[in-house]
Structures are given as structure tokens and as C-alpha cells.
Amino acid sequence: MAGVRKRYGGKRALDGFDLTVERGTVHGVLGPNGAGKTTAVRVMTTLLRHDEGLVRVAGHDVRDRGREVRRRIGLLGQHAALDEDLGGRQNLEMFGRLHHLGARRAGVRADELLERFGLMDTGRKAVKLYSGGMRRRLDLAASLITEPEVLFLDEPTTGLDPRGRAEVWGAVRSLVGGGTTVLLTTQYLEEADQLADRISVVDSGRGVAEGTPDELKARIGGDRIDVVLHDADRLADGAHALAHAAGTHAVSTDVDRRLLSAPVADRMTALTETVRALHARGIEARDIALRRPTLDEVFLQLTAARGAGRPGATERQEMPA
């Protein structure tokens, strides 16, 4: 995508959005509600026509070669597209027939996908009896019925418990291992951290940052040291001790959690010096830990500055009936 714009009335859902995804990778797209994630997916999957810009998927322009694009992609939306009264195998066979595979090939493909996603033993069970994770794995299998080159996953684990999310993550990893290119939109920062090779952060219809998870984390600093004090009354003294040990004035304080945090350049030296400085001042620490910035912190910092001017549109408003 290059310079893509899309308006809904007077609201700009996409405002010069650029995106490049490398073949055979998982590319995550992160953003708050209304940022333009779902609109971008709908444009790339030919479900929505954009106003301006260039969009090519699997080598084809979505405006002029939409049929060729649809032959090469799969889409897993936010809501399951399964018939809950049918069994898992029947659902996959139905999707195969809808894609003109023929009865024999549809049956073979259904069995291949049930085996691939660990659902062979439940293939004849009605989908309404499946767990949430099993339903999403089956929905993911259905999106692969034609062996697409590019798979779009639009918030694929919304509403799933941790076990269900882990099941879907495992399935996605196996797809990429087989050569499929995946574009993933999600609001779960951990999901993007776990799955994505590269991440684009989008806000107000524009990309505000792109890189690997580690590169994005490095934008707000490297390692940090966190110190939880036993006595809240010693927070000020502890902050001075940590600032001296870490060689920085950028010490943050969380009074409710009795937490002090500071960026560090040399992990082990900072840890040793912090312990010494606290001990010298008679300050008792309940916990001391070294950690890297989280993707949550990156996301909040990158989008917070733009929050005041963010349009009121939500993802639901981006998807008119």
C-alpha cells in the first residue's frame, strides 16, 4: 500500500497510509480503535474500494485485478463464519465446494486441514460444541481451503481465553513455517510480540512507526531496572539512590506500587550498584529486577501524543453495512 486514503463522509479512515509486507513473514498492524486497521484490511482484500493511492496484493492491483487478488488470499475476520449446526469436516467441505474445488478435492482438503490443526478427532462434532479456541482454529482452517499465498487475520483471537489464544498462535506459526505470508491486525500487544516479524503502528489512518518488536522497543530506551521498596516513605531516598547507581535523572516513581524504575546502559553494573546504594542508605527493597521495555509501553508512547487529535470514529464505524 502506498499513499492510501479512504473517507467515510467527512471522516478519514485512511490518510496516506503506507505498508509493505515481506513474503513469508508475519506483519503485525497495531492501533487503537478507529485507527484504520480494519479499513486497511477491507481495502487489501477487495471488500472496500479506496479513494486514492496504490494497493497491490500478491503482485496484483486490487482495483484492476481484484479477481486475481481474491484467488490468492484468505481472510479470517473478527467473527467466525461457521455453520454451528454442521460438523467441522462438513464446514470445511462446504467452503471447498463454494470455492469450486469439487466434492472429492473438497473432502481431501478438509481432512488435510483437520489433521494440520489438530481437529481430526472432532471433525464430526457439531461446531456449537467446540471450545472457543477450537472454533477459531477451524475458522482459520476454512480460510486456508484454497491454499492462499497471503492470509489476512483481523483480530483473530478477540474474546479467546489464554489457552485459546495460544492454540491459534501455534497454528499461525505453522502456517508461516510453510511459506504463507500473514498480515495480522490485533489489539493484543503480546500477540504481536509473539508472532510478528515486523510491526506497523497505525493511528488516525497513518503509520506512525514500523520495525521489528525489538527495534520498536529500542525507540523508548533499552533495559530498565525496577525496584520495589518495602517502605513507601523511603521512595524519595530510593529514587536518589537509583539515580546515582544508574547514572540517570530519568527515574519514574509509582507511589501506589512503591515502584522505582530507571533506564540503564549496563545491566549487571547497574544492578550491582543499585543494591550497594540502597544498602548504604539503609533502604530495604522487596524486589529488584532488570527488564526490557514492553510493546505496551511502546504502543502507549507512540499513540499518546496523537490521542488528543484522534477522530471519534471506531472500527465499527469503519465498516458500514
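For the stretch 81-117, name all the residues that are small (Gly, Ala, Ser) and either outside any loop (DSSP other than H, G, I, E, B) or surrounded by 15 or more Cβ atoms within 10 Å (Cβ to Cβ) (or both).
Matches in the stretch 81-117: 87, 88, 96, 103, 106, 107, 110.
Scan the stretch 14-46 residue by residue and report those that are in a loop (DSSP other than H, G, I, E, B) and either free of Cβ contacts under 8 Å to residues at least 24 places away in the same chain or among the aromatic types (Phe, Trp, Tyr) (or both).
Result: 20, single match.
In the stretch 253-273, how many residues are in a loop (DSSP other than H, G, I, E, B) and touching a strand residue (DSSP E or B) at 6+ places or on another chain (Cβ under 9 Å)?
Summing the residues that are in a loop (DSSP other than H, G, I, E, B) and touching a strand residue (DSSP E or B) at 6+ places or on another chain (Cβ under 9 Å) in the stretch 253-273 gives 3.
Just to be sure I understand the filter: pairs with C-beta atoms under 9 Å, separated by 6 or more residues or on different chains, first member in the stretch 199-215 and at positive phi, second member acidic (Asp, Glu) and part of a strand (DSSP E or B). Which pairs pass?
Qualifying pairs under 9 Å: 204/15; 205/15.
Take the conditions assigned to a helix (DSSP H, G or I), of a type in the set (A, V, I, L, M, F, W, C), surrounded by 22 or more Cβ atoms within 10 Å (Cβ to Cβ) and under 20 Å from the mean Cα position of the chain (by Cα) and apply them to residue 140. Does it pass?
When the stated conditions are applied, residue 140 passes them.
Looking at the structure I just gave you, is residue 267 in contact (Cβ under 8 Å) with a residue 40 or more places away in the chain, assigned by TED's automatic domain parsing to the domain that holds residue 287 and more than 33 Å from the chain's Cα centre (by Cα)?
no
The values are calculated or read from the model by the stated rules, or taken from the named source; none is laboratory data. This is a predicted model, so every value here is computed, not measured. Glycine gets a Cβ as well: all are built from the backbone with ideal geometry, and neighbour counts include every protein chain shown.
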